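Nothing in this text is a laboratory measurement; each read-out follows from the coordinates by a stated rule. Since the model is a prediction, treat every value here as computed from it, not as a measurement. Don't worry about glycine lacking a Cβ; one is built from the backbone with ideal geometry, like all the others, and counts go over all protein chains shown.
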Amino acid sequence: MQLKKINPNLQKALIENDFTEANEMQEETFSAIKSGVDAVIQGPKKSGKTTTIIMNVIQKMDKPVGESTRALILVQDKEKVLEAVEQFKRFNHYNNLRVIGVHEKGDIDYDKNLISVGMDVLIGTPIRINEMFTSAGFNMNTIKMFVVDDVEEMLRKREDTLIDRLSSSVDKTQRLFFCTQITEKVEILADRIMIEPLFFEMEDEA
């Protein structure tokens, strides 16, 4: 996959998984996300949002560092957690980032113990992530990337308070929203928690 200054280990894993060419979303957003700006990225279903998230997290995290979580990815349910973790396994083969997925149906004490040992990337639902950080008192200020996938679906479930609470616990971080539709609620939340966010809208090929 030819993207400017892409991490060579990431590129190798992508090619081995038959991702040889970047799609529109990846081409349009890669440089901006790499620069560290806040952004809202809209694309239709099957436009590669999850792949784009994982690529950029691996690109920026690069390798295991310390014990504290550095990237937080919020997804809407257990199915999405498992899907993202599985995709990380494919693309993270050479970078060896430590990744964990958590959701309401898992054992919260087990999850907290895993994170305390050392974790680079934490993927989870807003409810479970909020429970974990509230009860364990983790330091959120180590988070360098705060990513929310399918943000409009979470807002429909009125989880904006949870997202806002988690975001406000982080001092300096890059905040990214991914969605299939930029609704008024998405814009309002982005304006509230982001710093001069860029908006990217991908066309529906259909």
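Annotations
- Couplings for the stretch 115-131, taken from phi via the Karplus curve 6.51 cos²θ - 1.76 cosθ + 1.60 with θ = phi - 60°, read 5, 5, 6, x, 8, 8, 10, 10, 10, x, 7, x, 5, 5, 4, 5, 4 Hz in order; Gly and Pro are left as x.
- Per-residue 3J(HN,Hα) values for the stretch 192-201, derived from phi via the Karplus relation 6.51 cos²θ - 1.76 cosθ + 1.60 with θ = phi - 60°, read 7, 10, 9, 10, 6, x, 8, 10, 10, 10 Hz in sequence order (x marks Gly and Pro).
- LYS63-THR20 FRET efficiency (beta carbon distance; Förster radius 41 Å; 0.05 resolution): 0.95
- Sorted on the mean count of surrounding Cβ atoms within 10 Å across their residues, most packed first, peptides 177-185, 107-115 read 177-185, 107-115.
- Projected label distance in nm at GLN2 and THR161, using a 7 Å step from Cα toward the beta-carbon: 5.1 nm
- Amide hydrogen neighbours beyond the local backbone of VAL102, cut-off 5 Å, H modeled: ILE123, GLY124, THR125
- Amide N proximity, the stretch 144-165 versus GLU104 label position 7 Å along Cα-to-Cβ, cut-off under 12 Å: 157-159
- Contact order, relative form, for the chain: 29 percent (alpha carbon pairs under 8 Å, 6 or more residues apart, mean separation divided by residue count).
- Across ASP62, ASP171, ASP120, mean-square fluctuation computed from a Gaussian network of the chain (C-alpha pairs under 10 Å connected) peaks at ASP171.
- Two-site FRET efficiency, ARG90 against LYS112, from Cβ-Cβ distance with R₀ of 25 Å, rounded to 0.05: 0.40
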